[in-house]
Amino acid sequence: MKSVAIYCGSSAGTDPIYTSVGTQVGQYFGSKNIDVIYGGASVGVMGAVANGALSAGGRVIGILPSFLSVKERLHGQLTELHTVETMHQRKQLIVDLSEGFIALPGGFGTLDELFEILTWGQLQRHHFPVAILNVKGYYDHLLGMIDHMTKEGLLRPSNRAMLLVSDDIADLHEQMLAYEPDRVEKWW
């Protein structure tokens, strides 16, 4: 794995653990020479991830729609910055540059990115690992809903198995490296 997309909030949240873990995640991948691909902001969990990777000597590539450059406060120290026009272009370029995807705590945008990349994997538009770093149980309720979807027969167990989960970044990275996608075409 040469690059990883980090989906996370441009807000810091109410608990400092979110930005602290963001910094740790950035440092972890930066120290392993794995490029961090993310939304381009200097604030919130996003900014913490970028700052962590940069502090460890890593490469950080930001993709930011021009209309968000003021709201999310563009990070001025990135290795590369790509400015795009739309959110769709942002998400596509993040996918094009990444070999794995991790969701940290975030809001609607983070969930949008997570579920879109999971859906693309389910439809075999990519074969890369998709993961959640479940900081302080942040995603417990969402994971419960996903398990309920599987139990009710609306999500295949093989598709549920595509989503890797851990509360430890080293463990999550190991799961991602060991990930074997299901390449069998399945059409309902």
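The values are calculated or read from the model by the stated rules, or taken from the named source; none is laboratory data. Since the structure is predicted, the reported quantities are computational estimates derived from the model, not experimental observations. Neighbour counts are summed over all protein chains in view; Cβ atoms, including those assigned to glycine, are modelled from backbone coordinates with ideal geometry. Accessible surface areas use protein heavy atoms only, side chains included; no ligands, DNA or RNA. Shrake-Rupley method; radii C 1.70, N 1.55, O 1.52, S 1.80 Å.
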Spin-label point model (7 Å from Cα, Cβ direction): what's the E152 to N33 distance in nm? 4.8
In nm, what is the difference between 0.36 nm times the number of residues separating L143 and S55 and their Cα-Cα distance? 28.5 nm
Added length on full extension, which subtracts the Cα-Cα distance from 0.36 nm per residue, D168 to Q24: 50.8 nm
Which far-off residues, 5 or more places away or on another chain, put their amide H under 5 Å from the one on A103, with H placed in the peptide plane? Y7, A131, I132, L133
If amide H atoms are built 1.01 Å from N in the plane of the peptide, which residues on other chains or at least 5 residues away come under 5 Å of the amide H of D15? none
What net charge is computed for the residues neighbouring V60, neighbours being all others with C-beta under 11 Å from the C-beta of V60, Lys and Arg scored +1, Asp and Glu -1? -1
Compute the relative contact order of the chain as a whole-number percentage, counting only Cα pairs closer than 8 Å that sit 6 or more residues apart in sequence. 20
Carbon plus sulfur, as percent of the 1.4 Å-probe accessible area of the chain, comes to 54
Roughly how big is the chain's charge dipole about its Cα centre, with Cβ charges of +1 (Lys, Arg) and -1 (Asp, Glu), in debye to the nearest 20? 240
Calculate, for T14 and Q124, the FRET efficiency according to 1/(1 + (r/R0)^6) with r their C-beta to C-beta distance and R0 35 Å; round to the nearest 0.05. 0.35
Heavy atoms only, 1.4 Å probe, whole protein assembly: order R125, R73 by accessible area, highest first. R125, R73
For segment 1-113, accessible area per residue (1.4 Å probe, heavy atoms of protein chains only), Å²: 43
Note to self: C-alpha centroids of segment 17-63 and segment 86-145 sit apart, in Å, by 16
Order L81, L64, L155 by their accessible area, 1.4 angstrom probe, all chains in place, largest first. L81, L155, L64
Please go through segment 128-186 and write out the GluC sites (Glu not before Pro) that DSSP classes as loop and that have at most 15 other C-beta atoms within 10 Å. E152, E185
